[in-house]
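Okay, so here's the structure we're looking at.
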Amino acid sequence: MEEISEKLSSLRQEYGNKELDKSNLNNDPISQFKVWLDEAIEIDANEPNAMAISTISKENKPRSRYVLFKDLVNDEIIFHTHYESPKAIEILANPNISGIFYWPEIHRQIRFEGTCKKAPAKVSDAYFNSRPRGGQLSAIVSRQSKVIKNRKEIEEKINILDKKYENLKIERPENWGGFSINISYWEFWQGRDNRTHDRFSYSKQDNNWKIERLSP
Ligand SMILES: Cc1cc2nc3c(=O)[nH]c(=O)nc-3n(C[C@H](O)[C@H](O)[C@H](O)COP(=O)(O)O)c2cc1C
């Protein structure tokens, strides 16, 4: 069997020539983020709102996982999860967070750093109410990231709950909801041919954004 290193060395992606220049960058990173996300949606990128976020455990270990970006509220990035999940416990103990979007179809990456807190209850309620019923039931039943015996255990709980709530509105449980990320550092990466990628960072300084070009 071909060694993995040989397979990897034969992979060589060129990134095209979409240009990123200070003159076509927005002064505000949120507007720039919206432009790029819109373009990713327009070209039908796969799960364009998936972002990996990293938190710090109480043992000081960085831990990453994907979540779905669901809204912008007061220029903060919202995602939803279980409030008793490892990520939630980590955020509540240490609000520092970083995250990353990658849209390979257009050779773009956005990286961010900031602090995270629970989103207002009305934001969580509005999203929970918009979820399909199956998603609402599984949010109630799942004790996210706990070890379970088998899949049947969850399916049986969902079936019982489904009957219990027949014809009833399902309210958001208190242990499930949104988090909101206030971003103080953004970085936009546009892949270019021959690894001469364009990169720009936005750092918040006294309520203004300082924009700098970074070496690829
Ligand atoms: C594309 C993608 C999107 C996901 N979106 C979410 C999400 O929005 N919320 C969530 O709680 N988990 C989401 N997950 C699952 C998480 O990656 C993770 O497995 C789970 O939240 C448990 O993480 P934790 O143990 O670090 O708390 C997603 C996974 C993938 C692959």
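Here, each number is a calculation from the coordinates, and none is a lab measurement. The structure displayed is predicted, hence computed values, not measured ones. In this analysis, Cβ positions are derived from the backbone assuming ideal geometry, glycine residues included, and neighbour counts consider all displayed protein chains.
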* Asked: What residue among TYR202, PHE128, ILE4 has its Cα farthest toward the positive end of the dipole of the chain, where the charges are +1 on Lys, Arg and -1 on Asp, Glu, each on the Cβ?
  -> PHE128
* **Residues of type lysines that LYS118 reaches as a straight line, Cα spacing below 28 Å, ignoring anything fewer than 8 places off in the same chain** => LYS34, LYS58, LYS61, LYS70, LYS87, LYS146, LYS157, LYS169, LYS204, LYS210
* **Choice from ARG195, ARG108, ARG12 with maximal GNM fluctuation in the chain (Cα, 10 Å cutoff)** => ARG12
* Structure fact -> Checked the stretch 1-115 against the a/c 1.5 cut and the a/b vs b/c comparison, axes a ≥ b ≥ c from its Cα gyration tensor; verdict oblate
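Counting Lys and Arg as +1 and Asp and Glu as -1, each charge on the Cβ, what is the dipole of the chain about the Cα centre in debye, to the nearest 20? Intermediate values should be presented prior to the final figure.
Numbers: 34 positive and 33 negative charges, 182 e Å.
For the chain, the charge dipole is close to 880 debye.
Going by how many other beta carbons lie within 10 Å of each one, how would you line up ASP21, ASP198, fewest first? Mind dumping the intermediate values first?
Numbers: ASP21 10, ASP198 20.
Listed from fewest to most nearby Cβ atoms, that is ASP21, ASP198.
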* Please report the relative contact order for the chain, taking Cα pairs under 8 Å with a sequence separation of at least 6, and give it as a percent rounded to a whole number. => 24 percent
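Taking the Cβ-Cβ separation of GLU3 and ASN46 as r and a Förster radius of 25 Å, what is the calculated FRET efficiency to the nearest 0.05?
Details: r = 29 Å, r/R0 = 1.15.
After rounding, the FRET efficiency stands at 0.30.
Divide by every residue of the chain the summed helix terms, -39500 (n - 2.57) for each DSSP H run of at least 4, and state the resulting mean residue ellipticity at 222 nm, rounded to the nearest 500 deg cm²/dmol.
-8500 deg cm²/dmol
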* Asked: From the square roots a ≥ b ≥ c of the eigenvalues of the alpha-carbon gyration tensor of the stretch 170-216, which class results: rounded (a/c under 1.5), prolate (a/b over b/c), or oblate?
  -> oblate
* Label-point separation, ASN194 to GLU155 (7 Å along Cα→Cβ), nm -> 5.7 nm
